[in-house]
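The values are calculated or read from the model by the stated rules, or taken from the named source; none is laboratory data. Being a predicted model, the structure only gives us computed values, none of them experimental. Cβ placement follows ideal geometry from the backbone for every residue including glycine, while neighbour counts extend to all protein chains displayed. Calculation scope for accessible area: heavy atoms of the full protein, side chains included, ligands and nucleic acids excluded. Shrake-Rupley method; radii C 1.70, N 1.55, O 1.52, S 1.80 Å.
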Amino acid sequence: MSSMTQKEALTAYATQIADSSLFMGHRMSEWVFKAPTLETEIALMNCALDLIGQSRSFYTYAGEAEGKGRSEDDIAYLRGQTEYRNPLISELPRGDWGYTIVKSYYYSVFAKLFFKALTLSSDKQLAAIAERSLKEVTYHVRYTGEWLLRLGDGTQESKKRTQKSVDELWDYVGEMFIMSEAETQLLQDNISTDIAALRGAWDQEVEALLQQATLDVPTGTWTHEGGKTGKMHTEHFEYILAEHQYLQNRYSGCEW
Amino acid sequence: MYGDTSIQKPMKIAKSGSPEEAELERNFQAKIDADIKIEANDWMPEAYRKTLVRQMSQHAHSEIVGMQPEGTWVTRAPSLRRKVILLAKVQDEGGHGMYIYSGAETLGTSRETMLDDLRTGKAKYSSIFNYPALSWADMGTIGWLVDGAAITNQVALARCSYGPYSRAMVRICKEESFHQRQGYELLITLSKGTQEQKDMLQESVNRLWWPSLMMFGPCDDDSPHSAQSMKWKIKRKSNDTLRQEFVDASVGQAKFLGITLPDPDLKWNEKRGHYDFGEIDWAEFYDVIKGNGPCNRERVNNVIKAHEDGAWVRTAAEAYAEKHAAKEDAA
């Protein structure tokens, strides 16, 4: 039995989607003046802008669904660590270029499948935001996928580095497909989507690309979790929040 | 994608000091006097080419290095709207850099060569970026004053004699004006906020006002390249003229924000029809140019670090491209 009202569930659902986009975007935005070329830097900032833009739409909708007058920023900024519900993969450090590419690729393939399913949501607003987000993440899949090919099938060093990222990040994939309480509750009215059912398609797409990139496909099934429930984020997360919330914490209640 | 090595200088070559060269030079200057743009394949004196490459690469480097002080604030932006605006601005700067590098490449110097010069310290960039961005208000002040000063310069440069540079400036000025308005709007928000926000705004302007005035370069009497650049119409207005325009425009804007500019000598001169202002600390100006600014070393080290950290990535991309080009050839 769920303890959430429908309204609360919808708010929580929109918020968890927004959290994932926000922190993926946050980590990507850290590449400013650190990327291998100007072109890659600009491309990554583009992706970051897409992701943060998505989070804004979902936060705004979360606020509307809740009906208590909270703005996108109230929700995005003014919560404690355990109230953020992004999967752990989105808060992992940016690592080297290969790590970022693999992380974004894993996430983007998930996001593509997810948003595609969400366009069929009975909630028209969620479906509309999903439609727009789908176009963006489809591009992210292409961009990061192309880089994955170059890195996997590039030099010995790039293969070695990238394989390591492929393996390490694999252990964070499973959490993306675990249904949250809100997701489960909203499923009966076709508001949310059954993300657990998307794993097969994810495996198929990712495995094909990793093989094309001449990389080994990990076989593990164990996964880290705790982000989507908020019960156990990584040690990295509070540092993100320290930066993210710094001005809001230091000068509370201001207009910016 | 990773620096075009196929760039070549235009073909027309006349022997240095020959009568043909004198004739070419006369025609060149006649074109400039008639306000006809010089294009990449036109004959031009080597010194003109060199001056332009120096100036354009400095300009492009300024865009690239200028991403650093603002880039550090993206993850700390206090609202998602401001975060997106800031990130888009920094991205635009990267785009401007690429665009100006391309313009400079038409003169026969590759982007990689120019970037090498930046990394070795041979090439300069605007010294304003050797000052740190210490508060959120700086994100507004940089837009208002630093972009404002840049626009003052660039509006003049949009009329410069070299076609590719002039056209780049027209496009870039539009985006810069947008950035400047966004920066000023950020400051307006602070100016209407709490006392702490107002203090943050004033402190930021106090710190960045003088370095912004230094962006126009040495005063006209001490500007080594100016006379020739004016004759070639690479430069259309003198440093001091542009600086005066900037000061005149800024005073009213500062008043609107309810702040003071940190210059006790700043006052309207009825006779000149301009604001008088105090003497710039030229010792500081030359010190920062020489490398002794608060962030010189850090800025260049960051550029070097990004390049070095990315070496394996660029090598991998090249190896991949070669492998697949070979496969296509074989197919």
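I'm trying to understand the selection: among the residues of segment B:314-329, which are open to solvent by 50 Å² or more (accessible area, probe 1.4 Å) and either acidic (Asp, Glu) or closer than 12 Å to A:Gln156 by Cα (or both)?
Hits for segment B:314-329 are B:Thr315, B:Glu318, B:Glu322, B:Glu328, B:Asp329.
Given the criteria of a type in the set (Phe, Trp, Tyr), away from every other protein chain (no Cβ under 11 Å) and farther than 26 Å from B:Leu190 by Cβ, does B:Tyr101 qualify?
no
Name every residue in segment A:146-171 that is away from every other protein chain (no Cβ under 13 Å), in contact with an Asp or Glu (Cβ under 9 Å, 6 or more places away or on another chain) and open to solvent by less than 50 Å² (accessible area, probe 1.4 Å), in order of residue number.
Selection gives A:Val166 alone.
Suppose we filter A:Ser55, A:Ser71 for residues that are of a type outside the set (Val, Ile, Thr) and more than 8 Å from every other protein chain (Cβ to nearest Cβ); which single one remains?
On inspection, the qualifying residue turns out to be A:Ser71.
So, in segment A:34-56, of the ones that are open to solvent by less than 30 Å² (accessible area, probe 1.4 Å) and assigned to a loop (DSSP other than H, G, I, E, B), which residue ends up farthest from A:Leu92 (Cα to Cα)?
Only one residue tops the list, namely A:Thr37.
For segment A:74-94, which residues satisfy the criterion of being out of contact with any Leu (no Cβ under 6 Å at 6 or more places or on another chain) and within 12 Å of chain B (Cβ to nearest Cβ)?
Scanning segment A:74-94 gives A:Asp74, A:Ile75, A:Tyr77, A:Leu78, A:Arg94.
Do we have A:Tyr139 as of a type in the set (Phe, Trp, Tyr), under 30 Å from A:Met4 (Cα atoms) and open to solvent by 10 Å² or more (accessible area, probe 1.4 Å) here?
no
For segment A:181-199, give me each residue that is in a loop (DSSP other than H, G, I, E, B) and buried (at least 20 other Cβ atoms within 10 Å of the Cβ).
Within segment A:181-199, A:Ile191, A:Ser192, A:Thr193 meet the criteria.
Which condition breaks for A:Tyr246 when tested against (1) within 14 Å of chain B (Cβ to nearest Cβ); (2) of a type in the set (Ser, Thr, Tyr); (3) open to solvent by less than 40 Å² (accessible area, probe 1.4 Å)?
Answer for A:Tyr246: the failing condition is (3).
Scan segment B:288-306 residue by residue and report those that are open to solvent by less than 50 Å² (accessible area, probe 1.4 Å) and more than 20 Å from the chain's Cα centre (by Cα).
Within segment B:288-306, B:Ala306 is the sole residue that qualifies.
A quick yes/no check of all residues on (1) open to solvent by 60 Å² or more (accessible area, probe 1.4 Å); (2) more than 28 Å from B:Ser161 (Cα to Cα); (3) out of contact with any helix residue (DSSP H, G or I) (no Cβ under 8 Å at 6 or more places or on another chain):
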position	(1), (2), (3)
B:Trp232	no, no, no
B:Lys237	yes, no, no
B:Asp248	no, no, yes
B:Gly252	no, yes, yes
B:Lys255	yes, yes, yes
B:Leu266	no, yes, no
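Looking only at segment A:231-243, which residues are open to solvent by less than 20 Å² (accessible area, probe 1.4 Å) and within 26 Å of B:Gln197 (Cβ to Cβ)?
A:Ile240, A:Leu241
Every residue in segment A:110-151 that is acidic (Asp, Glu), part of a helix (DSSP H, G or I) and touching a residue at least 60 places away in the same chain (Cβ under 8 Å), please.
If the condition is that a residue be acidic (Asp, Glu), part of a helix (DSSP H, G or I) and touching a residue at least 60 places away in the same chain (Cβ under 8 Å), then A:Glu136 is the only one that fits.
Just to be sure I understand the filter: pairs with C-beta atoms under 9 Å, separated by 6 or more residues or on different chains, first member in segment A:28-42 and more than 7 Å from chain B (Cβ to nearest Cβ), second member assigned to a loop (DSSP other than H, G, I, E, B). Which pairs pass?
Once the first residue is more than 7 Å from chain B (Cβ to nearest Cβ) and sits in segment A:28-42, its partners that are assigned to a loop (DSSP other than H, G, I, E, B) give A:Met28/A:Arg94; A:Trp31/A:Arg94; A:Thr40/A:Trp31; A:Thr40/B:Gly310.
Kindly establish whether A:Tyr107 is open to solvent by less than 30 Å² (accessible area, probe 1.4 Å), of a type outside the set (Lys, Arg) and in a helix (DSSP H, G or I).
So A:Tyr107 passes the test.
Determine if segment B:278-285 includes at least one residue that is more than 14 Å from chain A (Cβ to nearest Cβ), in contact with an Asp or Glu (Cβ under 9 Å, 6 or more places away or on another chain), without any contact (Cβ under 8 Å) to a residue 40 or more places away in the chain and surrounded by 12 or more Cβ atoms within 10 Å (Cβ to Cβ).
yes
Looking only at helices (runs of 4 or more DSSP H) that fall completely inside segment B:105-222, which ones have 2 or more residues that are surrounded by fewer than 24 Cβ atoms within 10 Å (Cβ to Cβ) and free of Cβ contacts under 8 Å to residues at least 12 places away in the same chain?
B:111-120, B:163-191, B:195-214
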